[in-house]
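The numbers here are math on the coordinates, done by the rules we state, and not lab data. Values in this document were obtained by computation on a predicted structure and should not be read as measured data. Glycine gets a Cβ as well: all are built from the backbone with ideal geometry, and neighbour counts include every protein chain shown.
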Ligand SMILES: [Zn+2]
Ligand SMILES: [Zn+2]
């Protein structure tokens, strides 16, 4: 029962996450061009036509840009809740009715060998979700685009084997960014915006206490963060709670501009 997990791309400029296990293969989001996602999949030995579907977290373009193209080209079902469907329909173009799948947030459903739990997240989209995917005795998850770390999100992620967790921005870098309007800053910092590095570290400490031992930091802002800063801030926060990085908990990075590590869970 081997689970394969690869953050193909993660960040404000585009998101796509591959998960495979047994005969089941899915993408969560496809927020880059169809070609870029296809090439990223090829680099880890996956043909897009072998996917069982694309699951969409929410309708923002960095999550849906390539969804319609990939679905049309490779006849892939698209999974989203009703509000996300309404929000993304114009952006992704025509989808064949037989490839349209609709689920209810916070209710589990199956794709092949996977049991999938879409949980609500606090973000300024129609009905945004994170996903926890179960295969055999293991589970993996993604939780990005969150204004804050809610109880609901915490419960949904408790004890997960591996997850992508948002570490979007450094608060000081964002505050001092002269290219951002105050309105935009308020949006990112608000309860429906994005999780900062410090909040990510605290969330991970809470998750550690539920048994989480491996996290991948994702959805980093290009303008208001760096991978080094995100990693350092999160690790310092965990160390402040007495954890040893690499021993008590492993913290890795998902990249904005290149394919991340392929993780195998047995
Ligand atoms: Zn996003
Ligand atoms: Zn978003």
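When the helices of the chain are scored as -39500 (n - 2.57) per DSSP H run of n ≥ 4 and the total is divided over every residue, the value at 222 nm lands at -8500 deg cm²/dmol. Here the simple spin-label model places points 7 Å from the Cα toward Cβ, and for residue 109 and residue 239 these points are separated by 4.5 nm. Taken over the alpha carbons of region 22-144 as equal point scatterers, the Debye sum produces base-10 log I(q)/I(0) values at 0.09, 0.22, 0.23 Å⁻¹ of -0.22, -1.41, -1.52. Ranked by the mean number of other Cβ atoms within 10 Å per residue, highest first, peptides 201-210, 82-91 order as 201-210, 82-91. When the alpha carbon gyration tensor of region 167-220 is reduced to an equivalent ellipsoid, its three semi-axes come out at 26, 10, 8 angstrom, largest first.
Reported to the nearest whole Å, the Cα centre-to-centre distance from region 1-30 to region 252-266 is 9.
What's the center-to-center distance, using Cα atoms, between region 163-235 and region 44-123 in Å? Taking the Cα centre of each part, region 163-235 and region 44-123 sit 25 Å apart.
Expressed as a whole percent, how much of the Cα-Cα distance distribution for the chain exceeds 26 Å? Across the chain, Cα pairs with separations above 26 Å total 35 percent. Highest-first packing order for the peptide set 187-200, 121-134, 252-265 is 121-134, 187-200, 252-265, based on the mean count of other beta carbon atoms within 10 Å.
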